[in-house]
Each structure stands twice: as structure tokens, then as C-alpha cells.
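Taken together, the values in this text are just the output of simple stated rules run on the coordinates, not laboratory data. Computed from a prediction, not measured in an experiment: that's the story for all the values here. Every residue, glycine as well, gets a Cβ built from its backbone with ideal geometry; the counts of neighbours run over all protein chains shown.
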């Protein structure tokens with residue numbers, strides 16, 4: 001039902017999952033029963049009054065695991081239209097969504113095929129009907145008795161079993177997986193449910209009776225106890241009294257020469273050499289993390305890598321880069337870099353350094369509650385399923401002198417919550433762009449450059465958003481939250497589905513000051529550069545001041561039906577009269593600006609050509625101290641309109 005998820009759980013299912021004992025309870029015989037019942041019509045589903053109730057039990061945030069043998073002894077219900085399942089989802093689903101998180105279906109049985117059980121993987125590019133799996137035919141109805149369904153799961157390998165018969169093995173080296181991303185080397189949680197109907201379950205058969213019950217005898221996890229490894233070091237000091245001694249973890253080594261994993265230290269032991277007869281007193285033992293870590297190589301993982309630096313640096317610390325990494329590329333081979341603690345990543349010592357998602361994963365994921373700053377980096381060739389091609393931000397992220405380029409957000413069935421070819425800014429999060437570029441990214445749904453979700457905040461300062469494409473709306477920006485855009489350029493973006501070649505804004509507040517919005521386009525049937533409208537949510541507000549809107553296909557602004565407010569703060573240079581102009585605004589079809597180019601400063605801009613009506617036509621009270629390039633304003637009697645201050 002819609003109360004607990006996407007309508008029909010994305011599969012046009014018919015059940016409504018409740019939390020009541022009538023649908024999930026123990027039976028007094030040691031079994032957990034999930035019972036499907038015909039509903040009384042009081043609950044509403046996406047298709048009208050719900051026809052059935054059921055239960056969906058999950059261990060999310062309670063029991064989560066990576067690797068081992070996961071098994072359950074289950075007796076499934078019988079009847080066409082019933083769809084019992086024992087499965088797992090990735091614990092990062094709230095950050096990356098499905099199917100990027102990964103789905104491991106340990107057991108699915110559909111009543112219309114009573115003798116078969118399905119073992120399946122779903123991931124980015126192989127979800128739904130394109131999934132990777134195998135069917136096992138038991139030769140008799142699966143519902144006749146209890147069976148043990150299991151997977152044996154290790155890094156880069158999963159094997160499926162029914163009653164200890166192995167029937168399917170999946171690895172990232174399989175032919176099917178070539179060119180696809182393996183997303184199963186991280187923690188998952190467990191789910192048990194019985195669905196009714198749906199794309200896979202099929203219609204309820206005329207002979208199917210209710211109630212129907214799936215009985216679960218047990219769910220078990222088996223894991224090997226890892227053998228402890230010992231790491232040793234020694235030191236010699238000749239002194240008496242108290243003295244502070246610091247020993248770096250890098251000094252510890254095992255017998256095979258490997259270094260200690262500082263995230264998994266269980267015991268510290270001290271010994272005195274044989275022959276010593278004097279006591280040694282220890283006052284304090286403190287384990288410390290480094291405040292600063294320097295990345296030494298372009299490896300995806302291991303000593304000296306960026307991924308390793310993120311794991312060992314102190315919360316609130318700084319990661320720097322060796323000078324020799326200037327102009328090089330760090331290619332991610334094992335998924336995105338997760339920023340789960342407050343950190344600054346500063347590549348100013350290695351100009352031109354690129355972090356590549358290898359067209360297989362996004363580059364950065366910022367967890368909720370985390371404050372992160374990234375400086376002087378290129379974020380490139382990221383791939384994200386449904387959310388954020390290059391970056392997903394669920395915390396507070398500042399990008400300073402960062403280029404986010406050539407990233408792709410992909411989907412197979414778009415919806416309003418999907419988008420962000422370059423960056424996705426999640427619910428309640430904050431994104432600050434400073435002296436940065438978001439360019440040539442592609443969203444297979446909305447927000448080619450930047451997507452800001454409900455309750456989020458985005459500040460764009462002295463930055464350029466250019467050449468991005470969306471298949472739906474908002475070629476440059478899709479906003480459902482609050483945006484502040486100052487001394488910035490939005491140029492050459494395209495929406496191919498509907499309005500907002502530059503910006504598609506609903507539900508929040510947006511202010512644009514001393515910026516240039518040029519040469520953006522939408523489709524011929526919905527060609528506005530800026531869309532400001534409401535679809536029943538909070539009324540959006542958009543304010544334009546000292547801003548150039550020029551050269552955009554057809555017309556500048558579209559006011560959609562419903563409550564919305566588009567305010568001119570004055571002193572704008574507008575290509576037409578669609579943006580609610582006031583007396584100090586200038587309406588002129590040719591603003592006389594140059595092509596998007598390097599006119600100085602860290603980002604591309606449109607220079608004002610001689611004779612432009614934008615020169616000396618701004619409101620000094622609204623102008624900032626410098627233009628987008630850092631050039632002092634004003635150069636004449638008044639500041640110029642737009643992001644560029646002419647000499």
C-alpha cells in the first residue's frame with residue numbers, strides 16, 4: 001500500500017503491510033507466522049480500498065551483516081497470486097536508494113509456479129525483469145513442507161542453496177556481470193514478507209483461499225570466527241622517572257610484514273625483556289588518530305590511498321595530497337568514497353587531481369550528520385542509480401574550487417524524487433558551491449547539474465553550471481528546497497522533457513543576484529529557461545536582482561498554475577517581459593555577451609561586450625564586493641548587471 005512505500009511497492013502489488021499481530025505473530029509452536037488476509041475495505045491502497053493485508057518484517061538498524069551463511073527454515077503458503085520472500089537489502093539504501101544498494105533474494109516463490117524457487121540479484125542496470133539469477137525446480141510443490149533456504153556469501157561470491165543443494169553461484173567475473181557494478185560487498189539487512197499479486201506474483205487465482213500463512217521456524221547466520229593477528233614493535237629508552245613515549249601504529253608489523261588495521265584493535269599487551277628485574281609503571285595509554293593524513297598514491301585502496309586516509313584520519317581532520325599527484329587520476333574500483341565523519345579533503349598541493357567513479361559508481365557519498373569540505377579536486381565519470389551521478393550529499397558539504405563533470409545519474413523509470421546528474425542534495429542537507437563548476441553531467445531524469453530535495457539548502461557562489469542535460473526538467477538545476485545563487489553563471493543547459501532548461505523550481509525559496517543565465521533551452525513544447533511553479537506543495541518564491549537572462553530558447557520565465565511568487569528585485573537585463581519586470585529592469589533581446597570562456601578566475605564566464613546595456617546598470621546596494629572572477633565591483637559609477645564586471 002502507499003502508506004508504507006511507493007504505490008504497490010513499485011510492483012503493482014495488492015497488499016497493505018500492517019504492524020498488527022493479526023498479520024505477524026508466533027504460533028506457540030516455535031514458528032513465526034506471516035499471515036495474509038482479505039481486508040475489510042477500511043484501509044486505502046494506491047488502487048482504492050485495499051484487498052489484502054500482510055506483514056513485512058525487517059532487521060534494518062537492528063541486525064545488519066556482511067558475509068557468512070544466511071539461512072531460514074520456511075514453509076511457504078500456496079495459491080496463485082501469493083509471493084513469499086526471504087531476502088536482503090543494503091544498509092545504505094537511504095543514501096543511494098534501490099537498486100544501487102543491492103538486493104539479494106535468497107528465496108522467492110510465486111504461487112503460479114508452485115514447484116520452483118528463485119535465487120536472484122538486483123543491482124544498477126540489472127534490476128526488475130533484467131535481474132541476475134536462477135530458478136530451481138523441486139519437482140513437487142514447494143509449499144508441501146518446510147525447506148531450508150540459504151546463501152553462502154563472501155566477498156565477490158554468493159552461492160544459493162535449497163535443502164543444502166547448491167543451485168546458483170554469482171560472482172563479478174561472470175559473463176552476465178561484465179560491464180555491470182557488483183554492489184554486494186557491504187552490510188545488508190534481512191527481510192521476510194508475503195506479497196499478493198504484482199508484476200511477478202501474478203493475479204490471484206480463483207482457487208486461492210485466505211487466510212494464507214508463511215511459517216518461519218528460524219533465521220540463522222553462521223560466520224567463521226577470524227583468527228586473531230598479532231602485530232609487534234619494540235623500543236629502548238634509558239631514563240628514570242616519568243616520560244611520554246609515542247609509538248606510531250605504522251611501527252607495528254605482523255610476521256608476514258602486514259600492517260595493523262587501526263579500526264579493529266582488540267588488545268594491547270606490554271612485555272619487558274628477559275633479565276630485567278625492575279618494574280615499569282604505566283600511567284596512561286592513549287590511542288590517537290592523525291589530524292592530518294597525506295595521500296601518497298592513486299590506488300583505490302590500501303596504504304597511501306585516499307580511501308585508507310578517510311578510514312584513519314581523525315574526525316575533524318584534514319586529508320592532503322602529495323605534490324607528485326598533480327594532474328593524475330584516482331580511479332575508484334570498489335565503490336564510492338563515503339564521508340562518514342567531519343573531514344576536509346584539500347588537494348591544493350596537487351592541482352588537476354581527478355577522482356573518477358570509473359563510470360561504475362558515484363565518487364562521494366556524504367552521510368547525514370557529517371560536515372565535509374572538498375577543495376581543488378575534479379569529480380568525474382561517476383555513475384549513480386536514481387540519485388546523484390557524481391555526489392550524494394545527506395549532510396553538510398562544501399565544494400571549494402571543485403569541478404564536477406561528466407557524471408551520469410541513471411534510471412529505468414523516472415519519478416519526481418530522482419535526479420542529480422552531478423550532485424544530489426538530500427532531505428535536510430546543505431550544499432555550498434564556491435568557485436566551482438558543475439558541467440556536462442547527465443540526469444536520466446531531473447536536475448542535470450544539481451538536484452535539491454525538500455528541506456535542503458544550496459548556496460552557489462562565484463560558480464558556473466553549464467552544459468548539463470536532464471531527460472525530464474531542470475537542465476541545470478532542479479529545486480524543491482531553498483537556493484541562493486550569487487555572482488554565478490548558468491549557461492548552455494538543456495532539459496529534454498519539459499520546462500526549465502536552466503532552472504526548475506518548486507516548493508522553496510530561491511534568490512538569484514548578479515548572475516548570468518544564458519543560452520539554456522527546453523523542448524519546443526515547454527521551452528522556458530526558468531520554471532517557477534507549484535504542484536500543491538508550499539508556494540515557491542523566486543527573486544531576481546541585478547541578473548542577466550539572455551539568449552535562452554523561446555522565453556525566459558514560466559509561471560505555472562497554482563500559488564507561486566516571482567519577484568523582480570530590480571536592475572535586471574531580461575530577454576523578454578515574462579519575469580515580472582519592474583521599472584528599473586531592462587527588456588532587450590540582445591544583452592551583448594561573449595561566449596562562455598576563460599575570462600580569468602577559476603570558472604568560465606560570459607564577458608560583457610562593448611555597448612552592453614548591462615554595463616554600469618546594476619544596483620550598487622545589491623552588488624557584492626567582487627564579480628564571479630574575483631574582480632572588484634564596481635569598475636565604473638555603478639556595478640554591472642550579471643556575473644561579470646567589465647573594465
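Going from the fewest other Cβ atoms within 10 Å to the most, the residues 450, 374, 582 appear in the order 582, 374, 450. Taking the inverse of the mean 1/r over every pair of distinct Cα atoms in the stretch 417-500 gives a Kirkwood hydrodynamic radius of 11.9 Å. Where both bridge residues fall in the chain, DSSP classifies roughly 40% of the beta bridges as antiparallel.
By the equivalent-ellipsoid construction on the alpha carbon gyration tensor, the chain comes out with semi-axes of 49, 39, 19 Å, ordered largest to smallest. Note on the stretch 325-608: Cα convex hull, mean projected area over all directions, 13.5 nm².
Multiplying the residue separation of residue 333 and residue 173 by 0.36 nm and removing their Cα-Cα distance gives an extension gain of 56.2 nm. A Förster distance of 25 Å, applied to the separation of the beta-carbon atoms of residue 299 and residue 231, puts the FRET efficiency at 0.70. Our note on the geometry: Cα centres of the stretch 495-527 and the stretch 534-577, 9 Å apart.
The peptide list 339-348, 319-328, 168-177, 513-522, put in order of mean Cβ contacts within 10 Å with the highest first, becomes 513-522, 339-348, 319-328, 168-177.
Here the residues 445, 525, 182, ranked from fewest to most Cβ neighbours within 10 Å of their Cβ, fall in the order 525, 182, 445. A compact globular protein would have a Cα radius of gyration near 2.2 N^0.38 Å; the ratio found for the stretch 164-256 is 2.25.
Report the Cα centroid-to-centroid distance between the stretch 329-389 and the stretch 430-492 in angstrom, as an integer. After rounding, the separation between the Cα centres reads 17 Å. Length available on full extension from residue 224 to residue 21: 0.36 nm per residue minus the Cα-Cα distance, which gives 69.5 nm.
Cβ crowding within 10 Å ranks 331, 550, 232, 267 as 267, 232, 331, 550, fewest other Cβ atoms first. Averaging Cα coordinates gives a centre for the stretch 282-317 and one for the stretch 603-620; these two points are 47 Å apart.
Could you order the peptides 42-48, 599-605 from most to least packed, using the average number of other C-beta atoms within 10 Å per residue?
The densest-packed peptide leads the list: 599-605, 42-48.
With Rh defined as the Kirkwood radius, the inverse of the mean 1/r over Cα pairs, the Rg/Rh of the stretch 2-222 is 0.94. The packing ranking of peptides 298-311, 240-253, highest mean first, is 298-311, 240-253, where packing means the average number of other beta carbon atoms within 10 angstrom of each residue. Note on the stretch 241-345: Rg/Rh from C-alpha atoms, Kirkwood Rh, equals 1.07. The calculated FRET efficiency for residue 587 paired with residue 415, based on their beta-carbon distance and R0 = 35 Å, is about 0.40. Between residue 268 and residue 553, residue separation times 0.36 nm minus the direct Cα-Cα distance comes to 95.8 nm. Evaluated over the Cα positions of the stretch 523-600, the convex hull gives a direction-averaged projected area, one quarter of its surface, of 6.5 nm². Summarising the label geometry, the points placed 7 Å from Cα in the beta-carbon direction at residue 240 and residue 29 lie 8.0 nm from one another.
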